[in-house]
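The values are calculated or read from the model by the stated rules, or taken from the named source; none is laboratory data. The shown structure was predicted, so the numbers you read here are calculated from the model rather than taken from an experiment. Cβ coordinates were reconstructed from backbone atoms using ideal geometry, including for glycine residues, and neighbour counts include every protein chain displayed.
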Amino acid sequence: MANYGVIAKFESPSALLHAAEKVRDSGFTNFDCHSPFPIHGMDEAMGLKRSKLGFIIGAMGLTGALFGFGLQTWVHLVEYPLNISGKPYFAYPAYLIITFELMVLFSAFGAVFGMMFLNKIPRFNHPVFYSDKFSDVSSDAFYISIELTDPIFDENKTKSFLKEIGGTDIEVLSDEN
């Protein structure tokens with residue numbers, strides 16, 4: 001049975017927010033906060049950087065738009081030119097609908113697969129779910145988990161630190177029950 005890290009419960013959203021700031025300020029980097037609802041300011045308290053997902057979605061949207069416009073241009077100018085009522089072969093205003101639709105489609109794929117990649121999904125289970133106490137987080141509990149892979153993690157020091165900043169129900173997580 002391999003250890004994963006340590007979790008500690010906090011009494012309220014504001015206590016969790018302040019505890020996250022203290023954990024960040026003490027030098028921990030591999031930690032996470034668990035709450036039944038989003039807490040305003042938690043990203044800053046944890047020291048998280050801005051998500052790269054917007055750049056992925058923008059790049060995929062631009063790729064889709066260029067692909068749609070380029071495909072239509074190539075088909076009408078090179079592969080299958082048709083003279084329809086004397087209209088020009090490069091009738092770009094008619095390309096806008098398909099260009100827009102492919103931009104939206106590629107952006108949606110970028111959002112879904114980019115989020116899965118950035119969130120390291122699929123991970124079918126997480127060691128926090130082996131804790132009986134952690135099941136309360138879906139309704140009214142607030143937890144911080146600090147992973148064993150953190151560079152400054154020491155089990156005893158981490159447990160005492162979490163107790164000092166107001167953590168209760170401190171538990172060592174392991175990969176198996």
Subject >> Test set (1) outside the structural domain of Val23 (by TED's automatic domain parsing); (2) aromatic (Phe, Trp, Tyr); (3) in contact with a strand residue (DSSP E or B) (Cβ under 8 Å, 6 or more places away or on another chain) - Phe113 fails condition number >> reply: (3)
Original post:
Does Lys87 satisfy the condition of being in a loop (DSSP other than H, G, I, E, B) and at positive phi?
Top reply: no
**OP:** Being closer than 14 Å to Val104 by Cα and in contact with a helix residue (DSSP H, G or I) (Cβ under 9 Å, 6 or more places away or on another chain) is the filter; apply it to region 47-61 and report the residue that is surrounded by the fewest Cβ atoms within 10 Å (Cβ to Cβ).
**Re:** Gly58
**OP:** Quick one: Tyr92 ticks every box in (1) of a type outside the set (Asp, Glu); (2) surrounded by 12 or more Cβ atoms within 10 Å (Cβ to Cβ); (3) under 17 Å from the mean Cα position of the chain (by Cα) except a single one, so which number is it?
**Re:** (3)
Original post:
Which one is nearest to Ala20 (Cα to Cα) among residues in region 133-150 that are assigned to a loop (DSSP other than H, G, I, E, B) and touching an Asp or Glu at 6+ places or on another chain (Cβ under 9 Å)?
Top reply: Ala141
